[in-house]
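Before anything else, here's the structure in question.
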Amino acid sequence: MTADTSSDESPTQSAKPTLLRNAEVSPGHHADVRVASGRIVAVGNALISIRGEEVVNACGGALLPGLHDHHLHLTALAAVEMSVVCGPPNVRDAATLGVALRNRAAALPPGAWVRGIGYHESVAGLLDRHQLDVLTGDRPVRVQHRGGALWIVNSAAAAMLGLDTVSIDAPPGIERDGAGRSTGRLWRLDGWLRRRLDAVGAVEPEPDLARVGRRLAAYGITGVTDATPDMTPGTLRLLLSAVRDGRLPQSLLLLGVDSLPSDISTDRVRLGPRKLLPPDHVPWPYDDLLTRIRTARGTGPVVPRPVAVHCVTLEGLVVAVTALEEAGVVPGDRIEHAAVAPPALAAQMAALGLRVVTQPGFVAERGDAYRRDADPGDLPYLYPYASLLSAGVPTVASSDAPFGSPDPWAVLRAARDRLAPDGVPLGPTESVSASTALAGMLSPPLRPGDALRSIGPGAPADLCLLHAPRAVALDEPSADLVRMTFCDGRIVHV
C-alpha cells in the first residue's frame, strides 16, 4: 500500500478521506475513487489528491461493494471461540468427546459452564443427560448439535435449569422420558435457554464481538443479516452496543426482533423480514404458522412486514409456501435454507415472488453425511441453487455461521464446485458460477438477489479492495485476495 503516513492514527481505524487510485470498479473498468464521511464522493480518472487525504494505489485490484452475509448468527459465532468442538474430524467417538469436554472444564474457573458445539450423532449416538454425566461428571455442561436445533445438557446443568422440578412456563421442546423426567435434550429452545441461563446466574464469558468483527472484515464482509430467531433483549443490547462503539464495524440487518429501541442513533442497524422458525421435528400446525405470518405483518416500521421462514425439510417448505400464499405474499418475503426444493416448488415460489437464502457451503462441509443419512428421494433437490435461479426465484448464498464456515470465499467455491468433503460431487447440476454467487453477496440486504450494489458517488463507503482484478479472484476465490476493507468509510482491515 502506498499511503500518506503523516497521521498517527492507526490505519485500521482511519476515518480521514481516502483516495484509491487505479481500482477496477467494474469488470475491466478502472478509475480513481474518493471516500469521505462514510460515502463515495467521487469516481473518475486522475482525481487530484487533497491535502491530508490517504492515498492508496489499488494497482488494478477489484474494488467491490462490501460483501454481505445474508444469514448468520453473530453471538453464536462469537461463542464458538469459547466452546469445545464436539464433532468430526477432531472428535470421533465417546472417549475423545469426554477428553475434550474434561480438558475444557479443567481450564475454566470453578462452577463455570462448559459449552460444546458441532456435535453429530456419528460420535456417540443421540446424546442424553446420562451419557453426558458419564463423560463430564458434576460440572454443568451443554452441547449443541451440529444442526443447531438441539441442545443436550447433563444432570448438573439440568438441575441448575430446573428441568425436572420446573414450575416456570416450560415449553414443549423440553424432551421428557416416560416417567416425566427430562432427558436433557432441548429442542429449538435457544431463546428460552438463554433466558434461563441468565435467570440462574450461569457463569459464561461474554461473546467477543470485536473478534468476530475483525474476522468478518478480513473476509471483506461489511454487512450481515443476523437470522437469530426471537432474539432476547440482552442479546439485542449487546449487538447494538458493539455497533455503536465500533467493535462490530459491519452494518446489521436483524430478523429476530419486532422493533428497535426508539433512541437508536445509527443507520447501521435496520430491521429486516421477521424470522419465523417452525421446529423441524414437531412443526407448527398449519393454522399456527398462518397466524404467526399474519401477526408478523404488523411488526416493524414497514407494514405489512415481510417474513423469513426457516425451511429445511420438504414438508416444511410445502407448508410454508402454502401458508404464505394464503396469507398473501408481500415484497421481501423469503425462505431461509430451502434445503429440499424440487422443481414444482421452485416454480410455485417463483410465481409467488418469494426469495431464497441458501447455504451451498453445507454441501462442501457435510455432503458425504447427507449422502449417507438423508432420504435418497431428497438428494437430487438438496440445497438447490441453479434450478431456483432458472425457475425465476431470486436466490443468494450465505454462510449460516457458525453452523457453516463464515468465509464467503469458501462459500463461492462450494457454490461453483458442489464437492462434498470426500471429493464426490453432490447435485452438480445445481452448480452456479462464482460470479453468480458473488453477485448475490453484493446484492442489497433487504432485496437479496436484486441487482448488485455499485461503486458510484453517493454510495455508502462499505468496500472491499482485492489484490487482483475480479476475473482473477473469481477463478480462484480465496480470502487471501482481500487487501483492504472499509466499513462506513473507515479502514477496518488492511
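The values are calculated or read from the model by the stated rules, or taken from the named source; none is laboratory data. In this text, all values refer to a predicted model and were calculated from it rather than measured experimentally. All Cβ positions, even for glycine, are placed from backbone atoms using ideal geometry, and neighbour counts span all protein chains on display. These accessible areas exclude ligands, DNA and RNA; they are computed on the full protein's heavy atoms, side chains included. Shrake-Rupley method; radii C 1.70, N 1.55, O 1.52, S 1.80 Å.
Which pairs have Cβ atoms under 6 Å, sit 6 or more apart or on different chains, and link a residue in the range 243-261 that is farther than 14 Å from Ala210 by Cα to one that is part of a loop (DSSP other than H, G, I, E, B) and open to solvent by 10 Å² or more (accessible area, probe 1.4 Å)?
Cβ pairs passing all conditions: Leu253/Pro445; Gly256/Thr228; Gly256/Pro229; Gly256/Asp230; Gly256/Met231; Val257/Met231; Asp258/Thr299.
Let me ask something else about it. Looking at this structure, is Pro205 in contact (Cβ under 8 Å) with a residue 60 or more places away in the chain, closer than 22 Å to Thr228 by Cα and open to solvent by 20 Å² or more (accessible area, probe 1.4 Å)?
Against the criterion (in contact (Cβ under 8 Å) with a residue 60 or more places away in the chain, closer than 22 Å to Thr228 by Cα and open to solvent by 20 Å² or more (accessible area, probe 1.4 Å)), Pro205 qualifies.
Given the criterion out of contact with any Lys or Arg (no Cβ under 9 Å at 6 or more places or on another chain), open to solvent by less than 20 Å² (accessible area, probe 1.4 Å) and under 30 Å from Arg470 (Cβ atoms), identify the matching residue among Ala227, Ala217.
Checking each option against the conditions leaves just Ala217.
Does at least one position in the range 481-489 carry a residue that is within 14 Å of Ala23 (Cα to Cα), open to solvent by 10 Å² or more (accessible area, probe 1.4 Å) and out of contact with any helix residue (DSSP H, G or I) (no Cβ under 7 Å at 6 or more places or on another chain)?
Looking for residues that are within 14 Å of Ala23 (Cα to Cα), open to solvent by 10 Å² or more (accessible area, probe 1.4 Å) and out of contact with any helix residue (DSSP H, G or I) (no Cβ under 7 Å at 6 or more places or on another chain), one finds at least one in the range 481-489, hence yes.
Would you be able to tell me the number of residues in the range 184-202 that are out of contact with any helix residue (DSSP H, G or I) (no Cβ under 6 Å at 6 or more places or on another chain) and open to solvent by 40 Å² or more (accessible area, probe 1.4 Å)?
8
Based on this model, can you work out whether Arg418 counts as crowded, with 18+ Cβ neighbours inside 10 Å, within 18 Å of Tyr219 (Cβ to Cβ) and among the basic types (Lys, Arg)?
For Arg418, the condition - crowded, with 18+ Cβ neighbours inside 10 Å, within 18 Å of Tyr219 (Cβ to Cβ) and among the basic types (Lys, Arg) - is not met.
Something else: Of everything in the range 247-260, what is over 21 Å from Val302 (Cβ atoms) and touching a strand residue (DSSP E or B) at 6+ places or on another chain (Cβ under 8 Å)? Give them in sequence order.
The answer is Pro249, Gln250.
Please specify each residue of the range 480-494 satisfying the condition of being under 21 Å from the mean Cα position of the chain (by Cα) and aliphatic (A, V, I, L, M).
Within the range 480-494, Val482, Val492 qualify.
Only one of these is in a loop (DSSP other than H, G, I, E, B), small (Gly, Ala, Ser) and in contact with a Pro (Cβ under 6 Å, 6 or more places away or on another chain): Gly213, Gly256, Gly246, Gly298. Name it.
One residue alone meets the criteria, Gly256.
Another question about this same structure. Give the residue that is farthest from the chain's Cα centre (by Cα), with candidates limited to residues of the range 265-292 that are hydroxyl-bearing (Ser, Thr, Tyr) and under 23 Å from Pro445 (Cα atoms).
Ser265
Among the numbered criteria (1) more than 15 Å from Leu446 (Cβ to Cβ); (2) not in a strand (DSSP E or B), which one does His310 miss?
His310 satisfies all of (1) more than 15 Å from Leu446 (Cβ to Cβ); (2) not in a strand (DSSP E or B) except (2).
Being open to solvent by 20 Å² or more (accessible area, probe 1.4 Å) and either of a type in the set (Lys, Arg) or outside any loop (DSSP other than H, G, I, E, B) (or both) is the filter; apply it to the range 1-24 and report the residue that is modelled with the lowest pLDDT.
The residue in question is Pro11.
Can you tell me which residue is nearest to the chain's Cα centre (by Cα) among those in the range 367-391 that are of a type in the set (Gly, Ala, Ser) and open to solvent by less than 70 Å² (accessible area, probe 1.4 Å)?
Going through the qualifying residues, I end up with Gly367.
Further question on the same structure: Filter the range 398-415 for residues that are touching a strand residue (DSSP E or B) at 6+ places or on another chain (Cβ under 9 Å) and without any contact (Cβ under 8 Å) to a residue 60 or more places away in the chain; which is surrounded by the fewest Cβ atoms within 10 Å (Cβ to Cβ)?
Here the answer is Gly404.
Considering only the range 342-366, how many residues are open to solvent by less than 20 Å² (accessible area, probe 1.4 Å) and assigned to a strand (DSSP E or B)?
Looking only at that region, the number is 3.
Still on this structure: State all residues of the range 35-49 that are open to solvent by less than 30 Å² (accessible area, probe 1.4 Å) and within 14 Å of Asp462 (Cα to Cα); if no residue qualifies, say none.
Across the range 35-49, the qualifying residues are Val35, Ala36, Gly38, Ile40.
Kindly list, by first and then second residue, each pair from a residue in the range 318-329 that is touching a residue at least 40 places away in the same chain (Cβ under 8 Å) to a residue that is open to solvent by less than 60 Å² (accessible area, probe 1.4 Å), limited to pairs with Cβ atoms under 6 Å and residues at least 6 apart or on different chains.
Ala320/Val309; Ala320/Cys311
For the condition charged (D, E, K, R), in contact with a Ser or Thr (Cβ under 7 Å, 6 or more places away or on another chain), within 16 Å of Leu74 (Cβ to Cβ) and surrounded by 18 or more Cβ atoms within 10 Å (Cβ to Cβ), what is the one hit in Arg244, Arg268?
Of Arg244, Arg268, the one residue that is charged (D, E, K, R), in contact with a Ser or Thr (Cβ under 7 Å, 6 or more places away or on another chain), within 16 Å of Leu74 (Cβ to Cβ) and surrounded by 18 or more Cβ atoms within 10 Å (Cβ to Cβ) is Arg268.
Being touching a residue at least 40 places away in the same chain (Cβ under 8 Å) and not small (Gly, Ala, Ser) is the filter; apply it to the range 92-125 and report the residue that is nearest to Gly148 (Cα to Cα).
Per the stated criteria, the residue is Ile117.
Among the residues of the range 83-91, is any within 30 Å of Asp400 (Cβ to Cβ), touching an Asp or Glu at 6+ places or on another chain (Cβ under 6 Å) and in contact (Cβ under 8 Å) with a residue 40 or more places away in the chain?
no
Of the residues Thr266, Thr222, which single one is part of a loop (DSSP other than H, G, I, E, B), farther than 30 Å from Ala320 by Cα and either of a type in the set (Val, Ile, Thr) or at pLDDT 95 or above (or both)?
Thr266
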